[in-house]
Amino acid sequence: MGPVNRPYGKPGLLWLALGGAVWLACMSEASDVPAGRIEVVVTLTGAVAEPTDLALILDQRFRVALSGSGSAVFERVKGGPHRVTLVGVDARCGVRPGLERELVIAESDTIQVEFEITCSSTSGLLQLVTTITGSDHDPDGYTLLVDGEPRSRMEPSGVHQLTLPEGPHRLTLSGLSANCVVAGGNEQVVQVTAGRNTEVAFAVECSPVPRAGPGREIAFVSDRAADSLHTDAVYIMNEDGTQVRPLSDTLSRDHFRPAWSPDGARIAIVALTPTLALAITVATAEGALERQLRMEHEISSEVSWSPDAMGILFTTFSDEGCSQVIRAQADGGGETVVLSDEECPPRINAFSYSPDGRSVGYLRGDVIFGNVARVVTELVIRDATTLERVEAPCLLPGASNGLSWSPDGTRLAIDAESPLASDLFRSEIWVMDLEAGTCTQITSGLDDGFSPAWSPDGSRIAFVSTRDGNPEIYVMNVDGADQRRLTTHRGTDGQPAWRP
């Protein structure tokens, strides 16, 4: 599986106020990555004096203050879904068309957003408080309807403010997970008084989610519940995309690259430690923490399990900069070098044992220079005991990061760039049949099909595609037919891992 493509990296901040204009730079991790631009204009009119505590917030993370009417520019915003929120509006002011804007930006694109604030003595401020209890909490949040019209998104738990005209209003909380209900009903009628604050509370109760169980669940990574710089968390869903829930309430931040043990009883995930180092965390299938391994080597790719479930594999770099495969004992007993690549500097991007433990497969990428420099990936297959090479069906056409064995060990699903010039740098899913000696591209033109994961019964492959505007998880038959979308969230979903 390749890494989740986040809508933007963890940026640095820079702001400068000059008169009525404000600039905010959201620097991506790589300065040469194409990025978009969001221009925000705030105008304020009416009888109430201009407030001094207005602020614009991008994705609940980056805040810039305004003294009244003014503008802000969010620079270097990576492509994908985003939310711009205006806060600090006086209770006597209304905002057209609302306090929040949800938008999807393409890389190198510019989007303009306007907030029109009109102040009078006929509006009041409504403050909504949502609380959530029980288990398997709703991971997606809710939609708030005001008088039957969708108004804004609500987090599963928190405080939300909006300005409404004086008078009665019908508030409805919709979009709850099937296992969650609102105590007393999801609809309330409130009386808004001009120039005053009115508080409304919704208490959400969630019951345990029926779990599909071994062989019928998919783990994946998402930033859908992002409320700080800590964005990635591991989620579990049933194989049909229903009953999405966090792996654990305690393992809810900075966890990614999930890998199931061969018996499906445990899951290994990569965690970002407080020192910003990467470590492997081992948990039960129910999300109970077993241990965090003390890492001796630096992790440079996703993890996988050894067939005996006693070791967890990952790649790293030697002191000379060459790729190595490391086996970390799942019980925390230390690390050993399993394989050192015979050539350097080609990088090992993924490594995995076949289900029967007789073979190992890994992807090694190299840059081929010509009229255009291209990354070409080689699939290397070795006998697990002798480490002798086994002939692979073909040379992959471009960069590749994801590798998944079929349950019977006779085929591999791999993502790699399409060989077509028109699809340059677009990743597609390939199936290699080791017995037949064939290599078949099973997706085409889907805007980055990557991170394949084989189902335990061998009939389907889960993968990631950006065809609908942002990374979502799909499933298809092994011949590429019957492609169906499993996740439908404005956040970034990726790295599917099918539970054995």
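The values are calculated or read from the model by the stated rules, or taken from the named source; none is laboratory data. Everything numeric in this text was worked out from a predicted model, so none of it was measured. Methodologically, a virtual Cβ is constructed for each residue, glycine included, from the backbone with ideal geometry; neighbour enumeration extends over all protein chains shown.
The number of residues in segment 190-200 being in a strand (DSSP E or B) and either among the basic types (K, R) or surrounded by 14 or more Cβ atoms within 10 Å (Cβ to Cβ) (or both) comes to 4. Scanning segment 83-108 for residues that are surrounded by fewer than 20 Cβ atoms within 10 Å (Cβ to Cβ), part of a strand (DSSP E or B) and free of Cβ contacts under 8 Å to residues at least 40 places away in the same chain turns up R96, R101.
For segment 109-162, the set of residues classified as assigned to a loop (DSSP other than H, G, I, E, B) and at positive phi consists of D136, G141, D147, G148, listed by residue number.
Here's a check for you: in segment 167-189, which residue that is of a type outside the set (S, T, N, Q) and in a loop (DSSP other than H, G, I, E, B) is farthest from S121 (Cα to Cα)? Only one residue fits best here, namely A178. Quick check: is even one residue across segment 294-304 basic (K, R), closer than 23 Å to P500 by Cβ and not assigned by TED's automatic domain parsing to the domain that holds N186? The answer is no; no qualifying residue exists. Within segment 253-290, if we keep just the residues that are assigned to a loop (DSSP other than H, G, I, E, B) and exposed (fewer than 14 other Cβ atoms within 10 Å of the Cβ), the residue that is modelled with the highest pLDDT turns out to be D263.
Against the definition (under 19 Å from D249 (Cα atoms), out of contact with any strand residue (DSSP E or B) (no Cβ under 7 Å at 6 or more places or on another chain) and of a type outside the set (K, R)), how does P210 come out, yes or no? Criteria met by P210. For segment 385-410, filtered to residues that are surrounded by fewer than 19 Cβ atoms within 10 Å (Cβ to Cβ) and hydrophobic (A, V, I, L, M, F, W, C), the residue that is modelled with the lowest pLDDT is L395. What's the number of the only condition in (1) under 30 Å from A55 (Cβ atoms); (2) part of a strand (DSSP E or B) that A225 fails to meet? Going through the list (1) under 30 Å from A55 (Cβ atoms); (2) part of a strand (DSSP E or B), A225 breaks only (2).
Let's see how each residue does on (1) hydroxyl-bearing (S, T, Y); (2) assigned by TED's automatic domain parsing to the domain that holds S261:
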residue: G141; (1), (2): no, no
residue: G148; (1), (2): no, no
residue: H160; (1), (2): no, no
residue: T172; (1), (2): yes, no
residue: A183; (1), (2): no, no
residue: Q191; (1), (2): no, no
residue: T198; (1), (2): yes, no
residue: D223; (1), (2): no, yes
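Of the residues making up segment 57-101, those that are more than 22 Å from R151 (Cα to Cα) and in contact with a Ser or Thr (Cβ under 6 Å, 6 or more places away or on another chain) are S67, S69, R76, K78.
Given I299, I348, which one is assigned to a loop (DSSP other than H, G, I, E, B) and buried (at least 18 other Cβ atoms within 10 Å of the Cβ)? Selected residue: I299, the only one of I299, I348 that is assigned to a loop (DSSP other than H, G, I, E, B) and buried (at least 18 other Cβ atoms within 10 Å of the Cβ). Applying the criterion of being crowded, with 20+ Cβ neighbours inside 10 Å and closer than 12 Å to T163 by Cα to the residues of segment 111-148, the residue that is modelled with the highest pLDDT is L128.
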